[in-house]
1. Could you check region 426-472 and list, in sequence order, the residues that are out of contact with any Ser or Thr (no Cβ under 6 Å at 6 or more places or on another chain) and in a loop (DSSP other than H, G, I, E, B)?
2. Within region 281-307, restricting attention to residues that are closer than 27 Å to Phe49 by Cα and in contact with a Leu (Cβ under 9 Å, 6 or more places away or on another chain), which residue is modelled with the lowest pLDDT?
3. State all residues of region 9-24 that are within 18 Å of Gly163 (Cα to Cα) and touching a residue at least 40 places away in the same chain (Cβ under 8 Å); if no residue qualifies, say none.
4. Can you tell me which residue within region 294-346, out of those that are free of Cβ contacts under 8 Å to residues at least 40 places away in the same chain and charged (D, E, K, R), is farthest from Ser65 (Cα to Cα)?
5. Quick check on region 311-321. Is at least one of its residues within 28 Å of Glu150 (Cβ to Cβ), in a helix (DSSP H, G or I) and of a type in the set (Ser, Thr, Tyr)?
6. Within region 7-16, take every residue that is among the aliphatic types (A, V, I, L, M) and either surrounded by 15 or more Cβ atoms within 10 Å (Cβ to Cβ) or not in a helix (DSSP H, G or I) (or both) and give me the one that is nearest to the chain's Cα centre (by Cα).
7. Among the residues of region 54-91, write down those that are over 18 Å from Ile406 (Cβ atoms), touching an Asp or Glu at 6+ places or on another chain (Cβ under 8 Å) and surrounded by fewer than 24 Cβ atoms within 10 Å (Cβ to Cβ).
Amino acid sequence: MSQNVLAILIVGTYMFIPLWIGAKAGEHELHKPEDFFVQSRAMGSLAAFLTVEATWWSAFAFLGSNAYYYANGPVYWTTIAWDFLFGILFLVVGKRVWFYGKMNHYITASDFFRDMYDSELLGNLITAIMLLYTLPYLQIQLTGGAYLIEVASNGLIPWEMGGLIFCVVIIIYVWTGGLRAVAWTDIFYEILILFGTIAAAFVIVPKAGGITALFETLRETVPEVLTLPGPTGNAGPMLWISMFLVVPMGAMMGPQLWTRMYAIKSSRLFDLMPFLLGFAAIINIGPMLVGNAGIILQPGLKNADTLLPVLLFKYAPFALASLILIGGAAAAMSTSNSQIHSLSAVYTIDIHKRYINKSIDDKKLIRIGRWSILLFAAFSYMMSVFIPGLLVQIGLFALSGTAQVIVPAAGVLFWRRSTAKGAIAGLLGGIVLLSLLMFIPGLAQALGIYPGLAALLINAALFILVSLLTLPRSQVVLDKFDAQKRIFAEKY
C-alpha cells in the first residue's frame, strides 16, 4: 500500500469515527436547552473525567509543549504543577459552581455571575470576556489541528483544506448531539492523545541514545537548556510561577469548563479530580523528552511548533508517524469542539434569548444554538487562516484573559462582602493592564513583569478595595445564597 493511500485511509478513518459517535449521540432526544448545552446535568463520572482531560489537553499541550521545551528550556515543567492546581480548582471552585448551577439552573458562566452578584452589567462583561478570549484559543486548535492533518496526510490535504474539514466534522456532530456528542467523541480523542503522547517519546528518544545518554549529552554540550532561565535567558522562575497560575485558572474559567461543571451528574467526581488529573500528569514526560531530544537531533529549527512532525517523519515509520500526529489532531479537536459548543451557549443564552428574543421557545432556541455553532466555527477558521502565531504565545494570551474571571468567581463563593462593583472594577483593571502589556511591544519586558500574573494581581487588589468601598449585595441575595451554602455544607 502506498504512503498516499495509507495516509488518506488513516485521516479518513479518524474523521469518520467522530461522525459515527455523533450520530449515536444524536439518537437521544434534545427537547430543552439544558439537554443540548449541559446534557440534562446527567453526565457520568467516567465520561466527565475523560472529556475534561481531553479538553484540557489541547493543541497547546500536544504540539506547543514540545516546542517550548525545545526553544525555552525546562520552564514548561510547570505543567506538572499546573495539572495538580487544575485538579484542586476543580474540587474547590468547580464543585461549588456545579452545586449552584444545579440549584439555580445555570447554563453559562454569565448566569452564575448575573444571579450571584445580582448584576446585569457584570453578566454582560463576563459574556464579553468569554467571547473575546476564547476565540483566540479556539484559533490555536484549528491552526494546530489543520497543520497536523496536512502532515499526517503526507501533504495530500493542504492545511487550509484540513482546517475546513476539521470544522465541518465538528459542526456536524455537535449540531447533531450537543454536549453528549462532544463528551462521547472526547473519549475517542483522549485514547488517541494518550497513544500519541507516549508513542512519540518511545520512537524519538532512542534515536538520541536513550534517556541517560540524552541528558548527559545535553549537560555536556548545552547545559543551559536544563536549567532556568533556559537558553534564551528569559524563562526564569517568575515565568514558571506565572504559567503555573495563569494556565489552570484560565482553562478552568473558560466557557467549555463551565459547561462541564454544570453537566456532571454526581459530586463524587469533583472529590476525585485532584488525584485523577495529578496522576494523568505523568504523560507530560513524553513532550519533555521529545523536546529535549529535538535539541540534539534537529538543532536550529526555525519554527519550533513543527518539531514533533519533523522528528517523526525523519525517524519513525510513516504509518506510525501519521497515527501519532492524528493524536495531536485529536488534542486540537477535543478542545475546539468543546469551545465551539460552549460559545454557542454563550451567544444563545446570554445574548439571543436575553436581548433579541426573550419569548423564544425551547425548540427555536436549540435551533439558534446550532446555527451559532456554524457561525463560530466559520469565524474561527478565518482567524486561523489570516492570524497565524506561535501556539503557546497565543495560548498564554487567551488563558490570561479568561483567568481574570477566577477572582470574582472565588470572591463570590468565599467572601460574603464581595460586590458587583468590585468584580467589575477588578475585571476591567486586569483586562486593561493585560492588553497594554500584551500589545505594546517590549513594555512587559521593560517593566520586568509577566502580563497574566500582573493582571491577576491588579484584578484582585481592585476587587477587594472596591468591594470594601461599595455597598454590600442586597440582603435578599445574601439570604438566598446563605441558605444554599448551608445546604452545600450539609450534603457535600
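The values are calculated or read from the model by the stated rules, or taken from the named source; none is laboratory data. Everything numeric in this text was worked out from a predicted model, so none of it was measured. In this analysis, Cβ positions are derived from the backbone assuming ideal geometry, glycine residues included, and neighbour counts consider all displayed protein chains.
1. Answer for region 426-472, where residues must be out of contact with any Ser or Thr (no Cβ under 6 Å at 6 or more places or on another chain) and in a loop (DSSP other than H, G, I, E, B): Ile440, Pro441, Gly442, Gly448, Ile449, Leu471, Pro472.
2. It comes out as Ile283.
3. If we filter region 9-24 for residues that are within 18 Å of Gly163 (Cα to Cα), which is where we start, we get 9-19.
Listed by number, the residues that qualify are Ile10, Val11, Tyr14, Met15, Ile17, Pro18, Leu19.
4. Lys314
5. yes
6. Residues of region 7-16 among the aliphatic types (A, V, I, L, M): 7-11, 15.
Of the ones still in play, those that are also either surrounded by 15 or more Cβ atoms within 10 Å (Cβ to Cβ) or not in a helix (DSSP H, G or I) (or both) are 7-8, 10-11, 15.
Values: Ala7: 28, Ile8: 29, Ile10: 26, Val11: 24, Met15: 21 Å.
Filtering region 7-16 for residues that are among the aliphatic types (A, V, I, L, M) and either surrounded by 15 or more Cβ atoms within 10 Å (Cβ to Cβ) or not in a helix (DSSP H, G or I) (or both), the one nearest to the chain's Cα centre (by Cα) comes out as Met15.
7. First, the residues of region 54-91 that are over 18 Å from Ile406 (Cβ atoms): 54, 57-77, 79-80.
Right, trim to touching an Asp or Glu at 6+ places or on another chain (Cβ under 8 Å) and you get 54, 57, 63-64, 67, 73.
Matches in region 54-91: none.
Rundown of residues vs (1) among the polar types (S, T, N, Q); (2) surrounded by 20 or more Cβ atoms within 10 Å (Cβ to Cβ); (3) closer than 30 Å to Met103 by Cβ, yes/no style:
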position	(1), (2), (3)
Leu228	no, no, no
Ser242	yes, yes, no
Gly250	no, yes, yes
Tyr262	no, yes, yes
Phe279	no, no, no
Gly286	no, yes, no
